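A short write-up of the structure that comes next.
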Amino acid sequence: MGTGIELSKSLLREKLLANTTGTGDFETAIDGVRLHRRDELGELENCIYKPLATVVVQGFKRSVIGSDEYRYGEGHCLISGVDMPSANYITDASPEKPFLGMSIYLDRSLIRQLAMEAPPSVFAEGQNDKGVSVADVEEDVLNAFLRLAELLEKPDHRGVLAPMILREIHFCLLISKQGGFLRQLNTPDSHGSQIAMAVAWLRENYKEPLQVDELARRVNMSTATLHRHFKRVTTLSPLQFQKRLRLHEAQRLMLTESNDANSASLAVGYESPHQFNREYKRLFGLPPFKDVSSKRSAVQV
C-alpha cells in the first residue's frame, strides 16, 4: 500500500483509539456508524451482520459467515450486502495494540439510487456472486471513513457533513472492485434483489414455520431457482439460514435477558426443546446451559 493509505490508516487509528475505551462495539453520535475495539483475544462472538461495510486499521479477525471463513484485518474492508449470521474470533489484539475497526450500516435504497444515477462506465468489472466480500480497502473509501471519524469531534458539523460523507462512501463502495455484488443485490427484478428480499423477509419472520415454496412465491421465483441463488448469495439454504437466525437470537435471549433454554427456544419458534438443544449444540459446540454458563464465566473473569 502507498504512503497515502498508510498515513490515512494511522490517522484513523488515532481517532478510533481516542473515541473508544476498553473492549466493545461502540455506537457513535452519527446514526449507523459504529466503532470496534478489542484489547485482547477473546471468546467466539456470534452475531447477525446487517448490511454493512467495515474498515479495519489494526489487528486481525477470523469470521465464519454463513458457511465460508474469512480472515481479515489491518488494511482490509469487509462488505456484507445482506443480513448474515456470523461467528467471529479476534486473532491478533493486545492492550498495547488493540483490534480497531469502524463500520457503517448500508442503506439499500441509497445504493439503488446511486446505481441508477451513475453511468455504467464507472463500475468496475468482475466480482464474486456471494453476499460478503473482503478485499484491500481502497484509498478513497479509507479517506472517507477518516473524515467521518473526524466528525465525531466536530458536533457542530455532523448534521450537515455526515450525510454527505455517508453518501460518498456508498458511492465509492458501489464503484469499487467490491461493488459488483452490491449492484446485483440492489438492482430491481434481478435474482440478487429477489434473494435480498427473501433474506429480509426471513430476518423479520424467522419465528414462523418456513414453507420454502411460499417464500419463493413471495419473491417471485421458482422454488428451485430460490434454492440455487439463495445458497449462492448466503452459502446456506433458506432452512439453514432460518435455523441460524433462531439459534443466534435464542443465545442472545439467554445471555442478555436471562431466559432459560426452554423459554428461549419457544420465543424463537421451536416447538421441540429436544430439537432445539440438539441443533444448538451442533452450531455452538455445547448444550445451551453449558454454553451460556461458559460465556458468562468468561465475561466475569
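Quick look at the values:
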quantity: Within the accessible area of the chain (1.4 Å probe), percent carbon and sulfur; calculated: 51
quantity: List Arg71, Arg34, Arg246, ordered by accessible area with a 1.4 Å probe, largest first; calculated: Arg71, Arg34, Arg246
quantity: Relative contact order, percent, the range 142-301 [alpha-carbon distance under 8 Å, six or more residues apart]; calculated: 13
quantity: Three-way shape label, the range 161-254, alpha-carbon gyration tensor, a/c 1.5; calculated: oblate
quantity: The chain: C-alpha gyration tensor shape, a/c 1.5 cut-off, then a/b vs b/c; calculated: oblate
quantity: Per-residue HN-Hα couplings for the range 5-17 [Karplus 6.51, -1.76, 1.60; θ = phi - 60°; Hz; x = Gly/Pro]; calculated: 5, 4, 5, 4, 4, 4, 5, 5, 4, 4, 5, 5, 5
quantity: Straight-distance crosslink candidates among aspartates and glutamates, where the alpha carbon sits under 15 Å from Lys9 and sequence neighbours closer than 8 are dropped; calculated: Glu74, Asp136, Glu138, Glu139, Asp140, Glu150
quantity: Mean separation of Cα contacts under 8 Å, 6 or more apart, over the residue count of the range 75-185: relative contact order %; calculated: 42
quantity: Residues of the range 160-276: accessible area per residue with a 1.4 Å probe, Å²; calculated: 47
quantity: The chain: most fluctuating residue of Phe230, Phe99, Phe289 per GNM, C-alpha cutoff 10 Å; calculated: Phe289
quantity: Sequence of Met84, Met197 from largest to smallest accessible area, 1.4 Å probe; calculated: Met197, Met84
quantity: Most mobile of Ala264, Ala118, Ala87 in a GNM of the chain (Cα contacts under 10 Å); calculated: Ala118
quantity: Gaussian network model of the chain, springs between alpha carbon atoms under 10 Å - residue of Lys50, Lys281, Lys207 with greatest fluctuation; calculated: Lys281
quantity: Mean-position separation - Cα centroids, the range 4-41 and the range 233-301, in angstrom; calculated: 30
quantity: Per residue, in Å², the accessible surface of the range 11-159 once ligands and nucleic acids are set aside, probe 1.4 Å; calculated: 44
quantity: Estimated [θ] at 222 nm from DSSP helical runs (n ≥ 4, -39500 (n - 2.57)) normalised by residues in the chain, nearest 500; calculated: -15500 deg cm²/dmol
quantity: Those GluC sites (Glu not before Pro) in the range 103-163 that DSSP places in a loop and that have at most 10 other beta carbons within 10 Å; calculated: Glu125
quantity: Cα gyration tensor shape for the range 57-164, rounded if a/c is under 1.5, else prolate or oblate; calculated: oblate
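The values are calculated or read from the model by the stated rules, or taken from the named source; none is laboratory data. These numbers come from a predicted model, not from an experiment. Counting neighbours? That spans all protein chains shown, and the Cβs are built from the backbone with ideal geometry, glycine included. Accessible surface areas use protein heavy atoms only, side chains included; no ligands, DNA or RNA. Shrake-Rupley method; radii C 1.70, N 1.55, O 1.52, S 1.80 Å.
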